[in-house]
Amino acid sequence: MPHDIVPLKRALVSVSDKTGLIDFARALADAGVEILSTGGTAAALRDAGLTVRDVSDATGFPEMMDGRVKTLHPVVHGGLLALRDDAAHQQAATEHGIEMIDLLVVNLYPFEETVAKGASHADCVENIDIGGPAMIRAAAKNHAFVSVVVDVQDYDTVLAQLRAKGGTDLALRQRLAQTAYARTAAYDAAVSNWMADAIGDEAPRRRSFSGTLAQGLRYGENPHQRAAFYVSGQSRPGVATARQWQGKELSYNNINDTDAAFELVAEFDPAQGPACAIIKHANPCGVARADTAAEAYRRAFDCDRTSAFGGIIALNQTLDGDTARAITEIFTEVVIAPDATEDARAVFAERKNLRLLTTGGLPDPSASGTAFRQVAGGFLVQSRDNGRVGRDDLRVVTRRQPSPEELDDLLFAWQVAKHVKSNAIVYARELATVGIGAGQMSRIDSTRIGQRKAQDMAQALSLPQPLTIGSAVASDAFFPFADGVEALAEAGARAVIQPGGSMRDAEVIAAADALGLAMVFTGQRHFRH
């Protein structure tokens, strides 16, 4: 049976991440704990003046095969796995000269970091840890008697109990064991997913995903739902890697919407000018490009001022003071940008509840990656939607050719439509959205909603007519009937971009010709559910 307090008499320490190692080991030594160690860890401890016993001295075998074999030995695993209250276990340990190990401190070879920096296949293989996971699993299994530490963050907790109680209690050992198994599971998931990518297996028989807790959340989408935010360790710039300068902690919905906003605005190359996206409930309610970030924000805001209230704002360039002052004219939940000037941060400092995030860069919209979503009994996995089209990819299918300005607006609207929940219709004019219809069961309903949004804003801004008149329109998928194109023409649209591929394409094209519209096909759709 497990004992509540287990004294720490002997520890095996073998770590690749040596953050905090010396202070931790010194505190163990000061408490009378004997330290066993291996390789570089042992050298680092000795260099710090600590007394260390090599594992090879305990096992009677030297490290061999370039360090691949050093802890895979009965003396080590017997010391971790032996039940302290089982007479037969203890007799076997005595007969074979196995000493008990009360504390295992191991963090694994940096496999994930090695892959992330683009190392060779051989280097990645060499950074697959074998002995570490074996010891961790052994110690975690025997948590009734053994404490296992795999995270630097747990050093202080273990030391606090050692000083207060002379050892660790069962509750802590249980928590440490759970963390340990989660770490080895995540490690194995990283290795298996890397292998799947390396051999080009897009649908391996088994697939695992993992994450590390970034923060507990007050609740999920709704107050009765529990939630937490986990990060995968990927270096893709975004909400998971951002620095938060001010404001309350991000909520579940804040994180989800901020990610959607930043991924959208990253579609627009900052070298081609500032862009701004305003998101509400994971859908864009305004997107624009302009000569300045402040102007891009104002034009995005003018697409749907009502929905923008309490929204998320993303910029593709550094946030400056003028833009910050414009943003603070209404209530905004989160602003995310690659960077922010001191002037901008000073402006936002007066709005204590506004969250400001900076990421140091933009995610690459063309980069490959994996997305997954849970369903009852399983999860769906797909590659990230990194599809993009340029002018050379477009096929004009109508008699009327789009003008160069219309082509600019068509491609702009197409980039936005990729990030609008389907069915998606995006009206654009002069590189700004002027009406967005999102998430409807019928494409024609999205068409009419976008038109109505533009009519409402024309009235609010005292415009002579809605900005959909003379606009270019993107549809994320094909028009199944001609009525959708007829509705666009009724709203005043002059050019349309869509994937094509409907069995009624000829009918839709004929309707566009009859209405004097220019229409281009992309051959690519962007459903977003």
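The values are calculated or read from the model by the stated rules, or taken from the named source; none is laboratory data. In this text the structure is predicted, and so the values were computed from the model without any measurement. Virtual Cβ from ideal backbone geometry, glycine too; neighbours counted across all protein chains shown. The area values use the complete protein model at the heavy-atom level, side chains included, leaving out ligands, DNA and RNA. Shrake-Rupley method; radii C 1.70, N 1.55, O 1.52, S 1.80 Å.
Structural remarks
- For the stretch 497-529 and the stretch 306-339, distance of Cα centres in Å: 35
- Among the listed values (1) 28.8; (2) 24.8; (3) 30.1, the one computed from these coordinates for mean projected area of the Cα convex hull in nm² is (3).
- Estimated from helices alone, the mean residue ellipticity of the chain at 222 nm is -11000 deg cm²/dmol (sum of -39500 (n - 2.57) over DSSP H runs with n ≥ 4, per residue).
- Ligands, DNA and RNA are left out, and with a 1.4 angstrom probe the accessible area of the stretch 52-185 is 48 Å² per residue.
- 17 Å reach of a label modelled at residue 121, 7 Å along Cα-to-Cβ, counting backbone N of the stretch 178-210: 191-202
- For the stretch 308-436: accessible area per residue (Å², 1.4 Å): 46
- Of every Cα-Cα pair in the stretch 114-185, the percent that sits beyond 14 Å: 64
- Spatially proximal lysines relative to residue 418 (Cα-Cα < 26 Å; intrachain offsets below 8 disregarded): 280, 453
- As a calculated quantity, the FRET efficiency between residue 524 and residue 341 at R0 = 25 Å, using C-beta atoms, amounts to about 0.10.
- Mean Kyte hydropathy of 0.0 or more with a Cα span along the axis of at least 18 Å, helices from DSSP in the chain: 404-417
- Å² of accessible area per residue within the stretch 216-294, as computed with a 1.4 Å probe and no ligands counted: 50
- At an R0 of 60 angstrom, the distance between the Cβ atoms of residue 84 and residue 506 translates into a FRET efficiency of 0.15.
- Calculated FRET efficiency for the pair residue 156/residue 234, C-beta based, R₀ 35 Å, to 0.05: 0.80
- Ranked by the mean number of other Cβ atoms within 10 Å per residue, highest first, peptides 406-414, 6-14, 463-471 order as 406-414, 6-14, 463-471.
- For the stretch 319-337, the residues whose amide N sits under 20 Å from a probe point set 7 Å from the Cα of residue 249 along the beta carbon direction are 333-335.
- Accessible carbon and sulfur surface of the chain relative to its total accessible area, %, 1.4 Å: 50
- Given in Å, the Rg to one decimal and the Dmax to the nearest whole number for the Cα atoms of the stretch 374-529 are 15.3, 54.
- Close amide H contacts of residue 476 (hydrogens built in the peptide plane, cut-off under 5 Å, sequence separation of 5 or more or a different chain): 424.
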